[in-house]
Amino acid sequence: MTQPELKDISPTELEVLKVLWQQAPLCANDIVEALNRSGEWHEKTVKTLINRLVNKGALGFEKDGRAYLYFPKLAEDSYQRKESLSFIERVFGGKLAPLVAGFAGSNKLTEEDVAELKQLIDAWEKEQKHD
């Protein structure tokens, strides 16, 4: 999936994307129904958000009879990576260690988190040795 160069995605637009990352393609009514499982969303609002996401290049669509089926053109992992890097740059000056130290200092890291971080660091170190 090639990644479009995107304008910022708002928090409400992100909720629409999350639905489509879980299941796609979906028509607008199915997206509304999925969103209404966790809150109250108005159909007109959701359709406006869908149109914004299409205009931003984050969603694509195909015509299916009289309905339009929507699908993400933006991969979830790519979006998460871009937003994570942006956050770390803005808040921590591009340095990851203060973020992790903050979580560790406030006991927000679980043993599972620490094990996963160690695996990521080990994999990164092995990759660096092969370059």
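Computed on protein heavy atoms with a 1.4 Å probe, the accessible areas place 122, 113 in the order 122, 113, largest first.
If you find the alpha carbon centre of the range 55-131 and of the range 18-39, how far apart are they in angstrom? Going from one Cα centre to the other spans 22 Å.
For residue 41, the accessible area of its heavy atoms, probed at 1.4 Å with every protein chain present, is near 50 square angstrom.
Measuring between alpha carbons in the structure, the pairs from 82/126; 73/129; 18/47 lying more than 27 angstrom apart are 73/129. With all protein chains kept in place, the per residue accessible area of the chain amounts to 74 square angstrom at a probe of 1.4 angstrom.
A simple rule links phi to the HN-Hα coupling: the Karplus curve 6.51 cos²θ - 1.76 cosθ + 1.60 with θ = phi - 60°, which for the range 48-62 gives 5, 5, 4, 4, 4, 5, 5, 5, 7, x, 7, 10, x, 8, 9 Hz, with x for Gly and Pro.
Sorting 88, 121 by accessible area puts them as 121, 88; the probe is 1.4 Å, largest comes first, and only protein heavy atoms count.
Of the whole protein surface, residue 64 contributes about 90 Å² of accessible area at a 1.4 Å probe radius.
Out of the total accessible area of the range 1-105 (probe 1.4 Å, heavy atoms of protein only), what percent is carbon and sulfur? Before the final figure, lay out each step's value.
Details: 3630 of 7000 Å².
It is 52 percent, rounded to a whole number.
When you restrict to C-alpha pairs under 8 Å that are six or more residues apart and normalise by the size of the range 37-129, the relative contact order lands at 11 percent. Residue 108 sits with roughly 130 Å² accessible to a 1.4 Å probe, with DNA, RNA and ligands left out of the calculation. For the chain, modelled as a Gaussian network with Cα springs under 10 Å, which listed residue fluctuates most, 49, 85, 109? With Cα springs under 10 Å in the chain, the top fluctuation among 49, 85, 109 is at 109.
The values are calculated or read from the model by the stated rules, or taken from the named source; none is laboratory data. Note that the structure is predicted; figures quoted are calculated from it, not measured. SASA here: full protein model, heavy atoms, side chains in, ligands and nucleic acids out. Shrake-Rupley method; radii C 1.70, N 1.55, O 1.52, S 1.80 Å.
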